[in-house]
Amino acid sequence: MIEAEEIRRTLERVLSSAEFAGSPRLQSFLRYIVEQELDGHGRSIKGKVIATDVYDKELDETGGALNLVRVEARRLRRALENYYSDAGKSDPLRITMQTGGYRPQFEPSVATKPSSGQSQSASSHSGGFWRRKFLLPLIGTTLLLACVLGYFGLRGSQSNTQFATNKNPAELAALREKSFTSVQAANLAEQTRGLFFPLFDLRRQAINLETFRYVIDLDPQLAAGYAGSAQVLTLKSLLTSDADASTALVAEALEMAERATTLDPLDGWSQAAHGWTLAVTGDSEGALRRARIALDLSPQDGHTLDLIGITALVVDDPVLMAEVSNPQRSRLGVGRFAYNNIYGAAQLMLENYGEVIDAFSKAAERGHPVSPPSLFLLATAYHETGNTVGAEKAIVEMLDTWPDFPARSVVERFFVKDPETRSRVLSVLDLYSPS
């Protein structure tokens, strides 16, 4: 039996490490669950208790407090894995926290140290088991949805848009030499990223995120799982109304993005995902630098181009937006592309209202992703050209179809660096929304 004092000494060693020294929130989280377990209250360690006792958050119907705990728990598991793979690899005792719960486990290092043929820690294997047992049926549904959406997207696409796997034969052969699991992971990531648009279907984004995490379980050395996780976590951070949860989400997104570009700096998708994350943190210079690298690396990859487009939107570079989303540009990739919508938003920022109307109209005709912003941006263009009937119709349709969509919040966050466009769109929402 492991003595409590030995566990406490181990805890202090972990908390004082470089992995934890700069994160007081993770320190508080780990200290709390360890002390609760040692005091005999392990069965009481629940998300809602951690939310109130560690983060001083009140529970409400939005679920923001519990979401914050889940995000912080993932960060804590990863921080422990990183510690024990580096500074703590010789520690005689290991503290872990299994996926699916918050109770800590205390194990002699020989029991948790992976053999040379293993690529993940004990907690990673637990997460992998959970995903294999419960997520596989969900992933199958996701891939079926990808095929269906891809089929209808293809039927409406322009003739100059080509579709192919993102991996060329040489890359696939190299992955096969590594393992067939790596090929599976690459294919899964490729198909899942095609479900990123439309952005605002948060239930589907939750499926996307879990699928990308499963990709990481399958092959922790494949950049795609981290790039995909980064792009979804960044979006969630942008859309959440809970400030602490948003901070935690974007912090995790940055870790994922940095991991992706470290593993494969020549991958355009990884660079684009990193740029998208930096844009949402407010680092416009870093975001544009990554976006330009991604464009040079993958000038025809449809998903990469779309990520660059929304990055340029957030940092207020409509010229770059228009460049990467030009409908005449050739594109490769699997899934649905959002270039007509991005092009329409760019033209709105440039005040080319006829182009806006044309772009959003063609997006609907071709089966491209359509979401509430498509309608309120189209309404703004109609209003600016004097078509008040068209503007009102677009706003009414948006409100009827998505009555709970936080349109004002989305406008304020996506056009954060473009006050003129933000003001025009908000005025149209006020003018044509029923009082």
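The values are calculated or read from the model by the stated rules, or taken from the named source; none is laboratory data. Keep in mind it's a predicted model, so treat the numbers as computed, not measured. Neighbour counts are summed over all protein chains in view; Cβ atoms, including those assigned to glycine, are modelled from backbone coordinates with ideal geometry. Surface areas here come from the heavy atoms of the whole protein model, side chains and all, with no ligands, DNA or RNA. Shrake-Rupley method; radii C 1.70, N 1.55, O 1.52, S 1.80 Å.
A search for C-beta distances below 6 Å between a residue of region 229-248 that is under 17 Å from VAL416 (Cα atoms) and any residue that is open to solvent by less than 10 Å² (accessible area, probe 1.4 Å) and assigned to a helix (DSSP H, G or I), counting only pairs 6+ apart in sequence or on different chains, returns THR234/ALA253; THR234/TRP276; THR234/THR277; LYS236/LEU249; SER237/LEU249; SER246/SER237. Scanning region 232-255 for residues that are under 14 Å from the mean Cα position of the chain (by Cα), open to solvent by 10 Å² or more (accessible area, probe 1.4 Å) and not polar (S, T, N, Q) gives LYS236, LEU238, LEU239, VAL250, ALA251, LEU254, GLU255. Here ASN187 clears all of (1) modelled with pLDDT under 90; (2) crowded, with 20+ Cβ neighbours inside 10 Å; (3) assigned to a helix (DSSP H, G or I) except the condition numbered (2). Considering every residue within region 401-413, establish whether at least one is over 20 Å from SER241 (Cα atoms) and more than 22 Å from the chain's Cα centre (by Cα). Yes; the residues of region 401-413 include at least one that is over 20 Å from SER241 (Cα atoms) and more than 22 Å from the chain's Cα centre (by Cα).
In region 380-416, of all residues being of a type in the set (A, V, I, L, M, F, W, C) and open to solvent by 60 Å² or more (accessible area, probe 1.4 Å), the one that is farthest from ASP283 (Cα to Cα) corresponds to VAL389.
The residues of region 215-231 that are outside any loop (DSSP other than H, G, I, E, B) and either open to solvent by less than 10 Å² (accessible area, probe 1.4 Å) or closer than 21 Å to SER409 by Cβ (or both), listed by number, are VAL215, ALA223, GLY225, ALA227, GLY228, SER229, ALA230, GLN231. Report whether or not ARG422 is part of a helix (DSSP H, G or I), touching a residue at least 12 places away in the same chain (Cβ under 8 Å), open to solvent by 40 Å² or more (accessible area, probe 1.4 Å) and basic (Lys, Arg). So ARG422 fails the test.
Looking at GLU12, GLU81, just one residue is modelled with pLDDT of 85 or more and open to solvent by 80 Å² or more (accessible area, probe 1.4 Å), and that residue is GLU12. Answer yes or no as to whether LEU313 is touching a Gly at 6+ places or on another chain (Cβ under 6 Å), of a type in the set (A, V, I, L, M) and either touching a residue at least 60 places away in the same chain (Cβ under 8 Å) or open to solvent by 10 Å² or more (accessible area, probe 1.4 Å) (or both). Judged against the criteria, LEU313 is not a match.
Quick check on region 64-74. Is at least one of its residues open to solvent by less than 50 Å² (accessible area, probe 1.4 Å) and of a type in the set (Asp, Glu)? Yes, because at least one residue in region 64-74 is open to solvent by less than 50 Å² (accessible area, probe 1.4 Å) and of a type in the set (Asp, Glu). Taken together, the residues in region 296-324 that are more than 15 Å from GLY268 (Cβ to Cβ) and outside any helix (DSSP H, G or I) amount to 2. Remark: ILE293 matches the filter, which requires a residue to be open to solvent by 10 Å² or more (accessible area, probe 1.4 Å), without any contact (Cβ under 8 Å) to a residue 60 or more places away in the chain and either farther than 14 Å from LEU254 by Cα or in a helix (DSSP H, G or I) (or both). Which of the residues spanning region 15-31 are open to solvent by 40 Å² or more (accessible area, probe 1.4 Å), at pLDDT 90 or above and either assigned to a helix (DSSP H, G or I) or more than 19 Å from ARG75 (Cβ to Cβ) (or both)? Scanning region 15-31 gives GLN27, SER28, ARG31. The numbered conditions (1) part of a loop (DSSP other than H, G, I, E, B); (2) within 24 Å of PHE200 (Cα to Cα) are all true for ARG329 except (2). Looking only at residues of region 325-344 that are out of contact with any strand residue (DSSP E or B) (no Cβ under 8 Å at 6 or more places or on another chain) and farther than 22 Å from PHE376 by Cα, we find that the one that is most open to solvent (accessible area, probe 1.4 Å) is GLN328.
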